[in-house]
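Asks: Dropping a structure here in structure tokens format, bear with me for questions.
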2 protein chains.
Amino acid sequence: MPPIKLKSSVPTAAAKRQHKAAAKAATQAKEKPRPLTRIQREKQDIILEAALDVFSLHGFRGATIDQIAEVAGMSKPNLLYYFPRKEEIHRRLISELLVTWLAPLREMDADGDPFPEIRSYIRRKLEMARDFPRESRLFANEMLQGAPRIIEMIEVDLKNLVDEKAAVLTTWMDQGRIARTDPYHLIFSIWATTQHYADFDVQVRAVLGPSRGGEGRFEDAARYLEQLFLYGLTPRSKR
Amino acid sequence: MPPIKLKSSVPTAAAKRQHKAAAKAATQAKEKPRPLTRIQREKQDIILEAALDVFSLHGFRGATIDQIAEVAGMSKPNLLYYFPRKEEIHRRLISELLVTWLAPLREMDADGDPFPEIRSYIRRKLEMARDFPRESRLFANEMLQGAPRIIEMIEVDLKNLVDEKAAVLTTWMDQGRIARTDPYHLIFSIWATTQHYADFDVQVRAVLGPSRGGEGRFEDAARYLEQLFLYGLTPRSKR
DNA sequence: AAGAATTTTGACCAGTTGGAAAAATGTTAG
DNA sequence: CTAACATTTTTCCAACTGGTCAAAATTCTT
């Protein structure tokens, strides 16, 4: 008897096992995970897309599987065939997110010039706020709830990366190339100001009004933030 | 027959009418709203407190009446006696919030000196992030969801206030007392940087670690933000 | 084309949700 | 004290929740 595939005469059971096998593969190391079919990849993508819509708008608890299934254009049981639990969908979204989310900071190069590096970091973050607002909101939602599902990732991966980049900033300060200030709070303020344009988009648009709240607002924000981080509010005459 | 009180022999109906009367008082202008009893005021406060806990953590959809009732230490129907619907509680919280939330900006005085005024505005906002993090999160949650329940307030009250203060800032710029920059985005950046310490508190604490993530973080943030808005990152040697 | 595997569907379920109704219990002004 | 009112509890409900299951439909492999 080949113990590899564990085929069963009951198709459903086999399908379910497939999922569990994929999950357990790392620990069991016996069953081959069997690569995903084309349909599986496609449908999973559709589901994740829909879930991003819903989770980013209502948070984990406020989102329902039915809603996600509806947006994804499939029945609830069908959705649950691909992701056996709600949490699984969320976990996937979050962990994929964290990687792309931190990419801009990762790119900040210790060997580059401080101001161009910081400037393009701000720019990249702002572009992400513009191009991936749902991702930003998903992240914000998770934070607001105390990050129950990603606290370890925050405490380890995120912290390590920030520690590393804070050290880079400190070096630049030691070399007198940027003003001496708190590198951690500097990073926080870049996060806060850029993500604000995704997370509080409604407010920004409402306050700017129809005349200035159009797509140009991101260009205005970029210009403003650049000046803020470069010179602050001290007038030119006194600089 | 006195049309004032509309007493009914059914006590429940009378009690319910009381609520509706209070709500309709403005439009009907006929029935006296009848002042709240001591117990009503106390219980409503307890409920609003509990609701703030729950709503700020889970958002409107993610929060349940049962949960709020439990935190408030009363039964669900009892809670519903004071606030006949979930939305009512939320609406009350939000509208009360908006007043106190904008107070610091309101205090920014056109006749004062620009830098002290801006500095103490930042300080006050940061103190609110420290002392009322739940309020901040409630607001953030609402924004993330597109502010469905307060969009008019944002578009009218908030916008008007910001327009007014932006004009003040512009005047200061015209007088050369602060650097010329976008006053709206300046206000956005103050909001973003200060509220970050309430809304993303978990992240801030996790990244700073146990050594620097204690209560002192708000003092550090205040110092950092003051420098940022004053001078930006330009080193002293080049200022 | 047939058999095996995968995908989709429909019926179902137990627990939770927001809320209604009414009865039971307190409180208070006259 | 007692009637009128205010508050609380008990019971109930229909809709929704996350999730299961077996059968049916489809797709893939040979």
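The values are calculated or read from the model by the stated rules, or taken from the named source; none is laboratory data. What you see is a predicted model; the values in this text were computed from it and never measured. Note: ideal-geometry Cβ built from the backbone for every residue, glycine included; neighbour counts use all protein chains shown.
Asks: List every residue pair whose Cβ atoms lie under 8 Å apart, where the two residues are 6 or more positions apart in sequence or sit on different chains, the first residue falls within the stretch B:158-173 and is closer than 14 Å to B:P104 by Cβ, and the second residue, located anywhere, is surrounded by fewer than 19 Cβ atoms within 10 Å (Cβ to Cβ) and of a type in the set (K, R).
Replies: Between residues of the stretch B:158-173 that are closer than 14 Å to B:P104 by Cβ and residues that are surrounded by fewer than 19 Cβ atoms within 10 Å (Cβ to Cβ) and of a type in the set (K, R), the close pairs are B:L161/B:R106.
Asks: Where the second residue is within 16 Å of DNA strand D (Cβ to nearest atom) and the first is acidic (D, E) and lies in the stretch B:88-107, which pairs have Cβ atoms under 8 Å and are six or more apart or on separate chains?
Replies: Within 8 Å, the pairs are B:E96/B:L48.
Asks: Out of the residues in the stretch A:39-78 meeting the condition of being near DNA strand D (Cβ under 9 Å from one of its atoms) and over 20 Å from B:H58 (Cβ atoms), tell me which one is farthest from the other protein chains (Cβ to nearest Cβ).
Replies: Ranking the candidates gives A:I39 first.
Asks: Within the stretch A:96-116, identify whether any single residue is more than 13 Å from chain B (Cβ to nearest Cβ) and of a type in the set (K, R), and answer yes or no.
Replies: First, the residues of the stretch A:96-116 that are more than 13 Å from chain B (Cβ to nearest Cβ): A:96-97, A:99-100, A:103-104, A:106-112.
Pick out the ones that are also of a type in the set (K, R) and you get A:106.
Among the residues of the stretch A:96-116, at least one is more than 13 Å from chain B (Cβ to nearest Cβ) and of a type in the set (K, R), which makes the answer yes.
Asks: Restricting the first residue to the stretch A:61-81 and requiring it to be in contact (Cβ under 8 Å) with a residue 12 or more places away in the chain, which pairs with a second residue that is near DNA strand D (Cβ under 8 Å from one of its atoms) meet a Cβ separation below 6 Å and a spacing of at least six or different chains?
Replies: Pairs found: A:I65/A:K76; A:I65/A:K86; A:A69/A:K76.
Asks: Still on this structure, I have one more. Take the residues in the stretch A:197-221 that are touching a residue at least 40 places away in the same chain (Cβ under 8 Å) and not small (G, A, S); name whichever of them is nearest to the other protein chains (Cβ to nearest Cβ). Please lay out each step first, then the result.
Replies: As a first pass, look at the stretch A:197-221 and keep what is touching a residue at least 40 places away in the same chain (Cβ under 8 Å): A:197-199, A:201, A:218, A:221.
Filter once more, so that each one left must be not small (G, A, S): A:197, A:199, A:201, A:218.
Values: A:Y197: 8, A:D199: 6, A:D201: 8, A:F218: 11 Å.
Only one residue tops the list, namely A:D199.
Asks: Only one residue in B:L169, B:L228 is of a type in the set (A, V, I, L, M) and under 30 Å from A:R134 (Cβ atoms), so which one is that?
Replies: Of the residues listed, the single one that is of a type in the set (A, V, I, L, M) and under 30 Å from A:R134 (Cβ atoms) is B:L228.
Residue by residue, here is whether (1) closer than 19 Å to B:T193 by Cβ; (2) within 16 Å of DNA strand C (Cβ to nearest atom) holds:
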position	(1), (2)
B:E87	no, yes
B:R92	no, yes
B:V99	no, no
B:R106	no, no
B:A110	no, no
B:E127	yes, no
B:F132	yes, no
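Asks: Name, by its number, the condition in (1) more than 7 Å from chain B (Cβ to nearest Cβ); (2) under 26 Å from B:F218 (Cβ atoms); (3) at pLDDT below 95 that does not hold for A:Y231.
Replies: (1)
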